[in-house]
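Here the structure is laid out as structure tokens; the discussion comes afterwards.
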2 protein chains.
Amino acid sequence: MMSNEKLVKEITSMEEDFAQWYTDIVKKADLIDYSSVRGCMILRPYGFAIWELIQKELDKKFKETGHENVCMPMFIPESLLQKEKDHIEGFAPEVAWVTHGGSEKLTERLCVRPTSETLFCEHYANIVESYRDLPMLYNQWCSVVRWEKTTRPFLRSVEFLWQEGHTVHATEEDAQEETLKMLNIYADFCKDFLAIPVIEGQKTDKEKFAGAKATYTIESLMHDGKALQSGTSHNFGDGFAKAFGIQYTDKENKLQYAHQTSWGMSTRLIGGLIMVHSDNNGLVLPPNIAPIQIVILPINMKKEGVIEKANELKDLLSKKYRVKIDLTDKSAGWKYSEYEMKGVPLRLEIGPRDIQNNQCVLVRRDNREKVFVNLDDLETTINEMLKTLQQDLFDKALKHRNENTFVAKTLEQFENQINKKQGFIKSMWCGDTACEEKIKDLTGATSRCIPFEQENISDTCICCGNPAKKMVYWAKAY
Amino acid sequence: MMSNEKLVKEITSMEEDFAQWYTDIVKKADLIDYSSVRGCMILRPYGFAIWELIQKELDKKFKETGHENVCMPMFIPESLLQKEKDHIEGFAPEVAWVTHGGSEKLTERLCVRPTSETLFCEHYANIVESYRDLPMLYNQWCSVVRWEKTTRPFLRSVEFLWQEGHTVHATEEDAQEETLKMLNIYADFCKDFLAIPVIEGQKTDKEKFAGAKATYTIESLMHDGKALQSGTSHNFGDGFAKAFGIQYTDKENKLQYAHQTSWGMSTRLIGGLIMVHSDNNGLVLPPNIAPIQIVILPINMKKEGVIEKANELKDLLSKKYRVKIDLTDKSAGWKYSEYEMKGVPLRLEIGPRDIQNNQCVLVRRDNREKVFVNLDDLETTINEMLKTLQQDLFDKALKHRNENTFVAKTLEQFENQINKKQGFIKSMWCGDTACEEKIKDLTGATSRCIPFEQENISDTCICCGNPAKKMVYWAKAY
């Protein structure tokens with residue numbers, strides 16, 4: 001039997017080595033296993049269960065807002081990928097190529113989709129005819145492949161799971177409205193389910209999606225002060241429509257080019273969950289996205305009535321919550337560590353003496369707060385504790401972000417700050433890509449977004465001193 | 001505006017050209033669109049909605065029986081695919097090979113998974129340690145790729161969606177129990193949801209899965225008398241475990257090889273739905289798997305109160321059923337054809353006079369039976385009609401199968417029968433692969449399965465005249 005101590009000691013502390021701490025958690029919490037394919041991970045049941053919950057909630061939101069799911073092929077012929085020139089330039093260096101089917105060499109190479117704009121556009125060109133057909137609001141859940149050199153579980157892998165929404169609209173305004181609507185759905189989801197606060201804003205031209213007119217993003221801050229791009233939403237204007245010939249007849253029977261959007265979120269979010277909430281005892285999961293919200297651990301299981309009572313509580317609580325009961329013969333200490341490692345929000349302990357007193361013990365994962373609860377009040381107490389825990393995680397993450405968001409008025413301040421302690425840096429920018437590149441070269445930080453909530457820090461660009469146009473969030477990023 | 005007539009005329013009748021009738025339905029019912037990738041189809045919203053319902057029901061059954069979802073990489077290194085020799089021989093001719101990542105040639109080719117036994121085995125070898133870990137009951141929902149030369153939507157495509165269950169057990173008996181349990185879940189699902197009767201049985205050695213010890217199958221019969229293999233479940237014994245080194249320590253602390261199973265169902269089922277239930281007016285869907293169970297068509301929509309009443313009924317019925325209301329300005333005739341084409345089980349019409357009489361009209365898709373229903377009885381009537389419709393479709397399919405199942409005692413009878421009319425042919429077999437191959441060469445029919453429900457038709461093999469061992473179902477098959 002594995003001892004409590006052994007399990008805990010196997011995690012590197014985040015202060016000692018943040019990257020190793022992260023890797024330890026993804027492995028020890030049974031989220032993933034490595035495969036023999038470079039850069040591709042295996043999502044184990046516990047990791048996949050988190051993704052299933054993310055899927056379920058997002059899918060519900062998508063459907064409520066009129067979106068329909070479809071399924072596109074995973075392959076894109078080389079000629080199709082090349083139809084929009086910015087798009088192919090952006091993606092060609094990182095796609096996997098299928099060259100043979102069975103023993104035959106293909107006449108045209110197929111890439112494994114890195115994203116599916118070209119496939120959707122070809123389909124839309126085929127099915128869009130009249131203004132009556134619009135908008136078309138499609139989404140697909142699938143995996144995509146990008147031939148990354150350096151990979152890390154959830155954050156950057158050769159294959160990853162995501163959803164990609166692709167929509168067609170009659171007008172520029174409709175497309176813009178959709179782009180921002182989906183960004184807001186993403187932001188609300190992060191806040192309400194993942195307990196992760198995000199900055200909403202627009203990407204600079206340098207950082208926008210290959211082929212987009214405008215890219216919007218939600219950015220979150222990790223424990224270590226690095227930023228994570230957590231979801232993006234793109235307005236394509238009519239660029240793809242012109243490249244692919246997506247036209248509709250308007251009410252006056254005139255042919256018009258359509259306007260399009262795309263938007264995506266991925267298993268990256270699970271990396272974000274780890275790096276925003278977790279600690280040196282393992283994963284910490286917000287109740288709203290935890291595969292197991294409450295684990296029931298009967299104490300002194302061999303005593304008469306203990307297992308029965310624990311099962312009774314399980315049946316009661318399962319009506320409303322995701323509950324697990326652990327009846328294995330592992331030691332209590334081992335179980336404590338195991339479910340702490342897995343980030344289960346609440347641990348419920350019940351033993352013979354508790355039963356006598358009509359009570360049980362509830363322990364919060366995040367702060368280890370322990371309370372004795374009368375069984376008559378159990379449901380009310382659990383409901384409150386889970387709500388509070390969810391809110392506390394969000395508040396803590398917001399506090400951390402606020403404490404690690406800095407203002408820089410000069411390049412020197414910027415450099416000093418980022419060398420001292422990583423975080424978001426807010427500073428003014430003239431809008432010139434040359435300045436953006438210079439800042440990156442000097443500091444290693446990239447522009448994360450031009451936030452919707454602008455502040456006027458100073459009148460001049462931090463880099464060139466010319467008149468400033470926008471306040472920008474900068475950070476080193478995953 | 002498209003006329004009623006036009007829409008209907010576009011379908012070829014099944015008597016005229018069954019293959020074209022099938023293709024017309026998949027296109028005209030908006031199930032799929034073709035893509036520019038040979039043999040890969042686009043699942044459109046309506047087609048994908050059917051698959052989502054199939055997924056939802058099967059996934060529920062899998063989870064109820066203790067299975068967990070995981071996600072494996074889509075790539076398999078060539079060396080890994082080769083580890084089990086029968087398996088590689090079976091699949092090598094039909095895999096797609098990735099040879100380049102970005103601009104670099106890979107040191108080892110990767111195939112896009114045609115099935116994931118090798119990946120699961122590698123993972124299991126990594127994580128299975130003790131008898132306490134067993135059974136491990138995993139499943140994944142994904143797409144797989146098989147480089148087929150001749151393809152048809154749903155029935156045989158280069159890429160298709162499916163689920164693949166992969167389990168590990170301590171003993172041979174446990175693996176066998178799992179194999180048959182999952183076959184039964186498949187059979188029940190076909191019967192209860194798809195209204196498709198199936199023959200359960202075992203595949204002959206010639207027809208079994210590459211690498212399996214035994215393959216079990218459910219076989220269904222299409223309108224045209226051809227068979228469709230609708231789901232398979234494989235017992236691997238310890239063959240893969242030995243090739244991949246999947247061992248566990250038993251209670252006596254001895255190392256043992258594990259026993260494994262795998263089982264799968266795919267979007268083929270949608271092809272089956274079409275070819276079992278549909279007719280010359282389009283798709284016919286069993287209520288239990290129909291994305292829209294009831295379509296509400298208000299008549300004389302401009303008359304005061306009609307839309308309001310129709311919406312009221314929609315809100316009422318949506319609590320229990322999947323309901324769509326069509327408020328577009330298309331003609332009633334066009335709408336009738338459209339929803340017949342899409343196989344919506346019930347059409348509800350309501351106009352000003354109906355409202356006066358507190359009634360509406362319900363029309364069944366399958367037999368066009370039309371009833372006037374008092375609105376006070378609406379829910380009860382709909383509930384009964386949907387149940388009856390579901391059962392009637394099953395009964396009709398079963399009747400068709402029974403009427404197209406023939407007994408052959410001699411090869412001559414067999415040949416005459418299959419040349420006259422296709423269907424299942426039951427005949428006795430000695431167990432020898434040579435006879436099986438000879439029958440195939442002579443008649444074009446393959447052995448579909450050795451059914452669990454055996455009958456003794458005669459004492460000798462239909463082919464060689466030697467003592468018969470088993471009664472076998474034969475048919476030409478998709």
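The values are calculated or read from the model by the stated rules, or taken from the named source; none is laboratory data. Here the structure is a predicted model, which is why all the values come from computation and not from measurement. All Cβ positions, glycine included, derive from the backbone under ideal geometry; neighbour counts span all protein chains shown.
This table checks each residue for (1) outside the structural domain of A:GLN247 (by TED's automatic domain parsing); (2) at pLDDT 95 or above; (3) closer than 24 Å to A:GLU207 by Cβ.
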position	(1), (2), (3)
A:TYR46	no, yes, no
A:GLU52	no, yes, no
A:LYS56	no, yes, no
A:GLN82	no, no, yes
A:CYS121	no, yes, yes
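Within the stretch B:139-153, the residues that satisfy the criterion of being within 16 Å of the chain's Cα centre (by Cα) and either within 12 Å of chain A (Cβ to nearest Cβ) or without any contact (Cβ under 8 Å) to a residue 24 or more places away in the chain (or both) are B:TRP141, B:CYS142, B:SER143, B:VAL144.
Can B:VAL158 be described as farther than 23 Å from A:SER35 by Cα, at pLDDT 95 or above, within 11 Å of chain A (Cβ to nearest Cβ) and surrounded by 23 or more Cβ atoms within 10 Å (Cβ to Cβ)? For B:VAL158, the condition - farther than 23 Å from A:SER35 by Cα, at pLDDT 95 or above, within 11 Å of chain A (Cβ to nearest Cβ) and surrounded by 23 or more Cβ atoms within 10 Å (Cβ to Cβ) - is met. I'd like to know if the stretch A:418-433 contains one or more residues that are in contact with a Cys (Cβ under 9 Å, 6 or more places away or on another chain), of a type outside the set (A, V, I, L, M, F, W, C), surrounded by fewer than 16 Cβ atoms within 10 Å (Cβ to Cβ) and part of a strand (DSSP E or B). Looking for residues that are in contact with a Cys (Cβ under 9 Å, 6 or more places away or on another chain), of a type outside the set (A, V, I, L, M, F, W, C), surrounded by fewer than 16 Cβ atoms within 10 Å (Cβ to Cβ) and part of a strand (DSSP E or B), one finds none in the stretch A:418-433, hence no.
Please name all residue pairs, on different chains or six or more residues apart, with Cβ atoms under 8 Å, provided the first residue is in the stretch B:112-133 and is touching a residue at least 12 places away in the same chain (Cβ under 8 Å) and acidic (Asp, Glu) and the second residue is assigned to a helix (DSSP H, G or I) and surrounded by fewer than 24 Cβ atoms within 10 Å (Cβ to Cβ). Hits for this filter: B:GLU122/B:LEU80; B:GLU122/B:PHE244; B:ASP133/B:ILE127.
All told, B:LEU194 meets the bar of being more than 20 Å from B:VAL70 (Cα to Cα) and either surrounded by 24 or more Cβ atoms within 10 Å (Cβ to Cβ) or not assigned by TED's automatic domain parsing to the domain that holds B:PHE91 (or both). The number of residues in the stretch A:459-470 that are surrounded by 20 or more Cβ atoms within 10 Å (Cβ to Cβ) and out of contact with any helix residue (DSSP H, G or I) (no Cβ under 9 Å at 6 or more places or on another chain) comes to 1.
Scanning the stretch A:92-107 for residues that are more than 7 Å from chain B (Cβ to nearest Cβ) and part of a helix (DSSP H, G or I) turns up just one, A:ALA92. I'd like the residue in the stretch B:378-432 that is touching a helix residue (DSSP H, G or I) at 6+ places or on another chain (Cβ under 9 Å) and of a type in the set (Asp, Glu) and, out of all such residues, is farthest from B:GLU312 (Cα to Cα). Among those that are touching a helix residue (DSSP H, G or I) at 6+ places or on another chain (Cβ under 9 Å) and of a type in the set (Asp, Glu), it is B:GLU415. Among helices (runs of 4 or more DSSP H) entirely within the stretch B:262-355, having at least 1 residues that are assigned by TED's automatic domain parsing to the domain that holds B:SER233 singles out B:268-277. All conditions in (1) of a type in the set (S, T, N, Q); (2) in a loop (DSSP other than H, G, I, E, B); (3) under 28 Å from the mean Cα position of the chain (by Cα) hold for A:SER458, with the sole exception of (3). Scanning the stretch A:96-118 for residues that are modelled with pLDDT under 95 and of a type in the set (A, V, I, L, M) yields no hits at all. Cβ-Cβ contacts under 7 Å between residues 6 or more apart (or on different chains), taken from a first residue in the stretch B:73-87 that is within 7 Å of another protein chain (Cβ to nearest Cβ) to a second residue that is in a helix (DSSP H, G or I), are listed as B:PRO73/B:LEU119; B:LEU80/B:THR118; B:LEU80/B:GLU122. Residues in the stretch B:42-54 that are within 16 Å of the chain's Cα centre (by Cα) and either more than 11 Å from chain A (Cβ to nearest Cβ) or of a type in the set (A, V, I, L, M) (or both): B:LEU43, B:ALA49, B:ILE50, B:LEU53, B:ILE54.
Screening A:VAL70 against (1) under 20 Å from A:CYS121 (Cα atoms); (2) more than 9 Å from every other protein chain (Cβ to nearest Cβ) leaves a single unmet condition, (2). Comparison of B:ASN358, B:ASN367, B:ASN374 shows that the only residue that is on the phi > 0 side of the Ramachandran plot, outside the structural domain of B:LEU273 (by TED's automatic domain parsing) and either in contact with a Pro (Cβ under 7 Å, 6 or more places away or on another chain) or at pLDDT 95 or above (or both) is B:ASN358.
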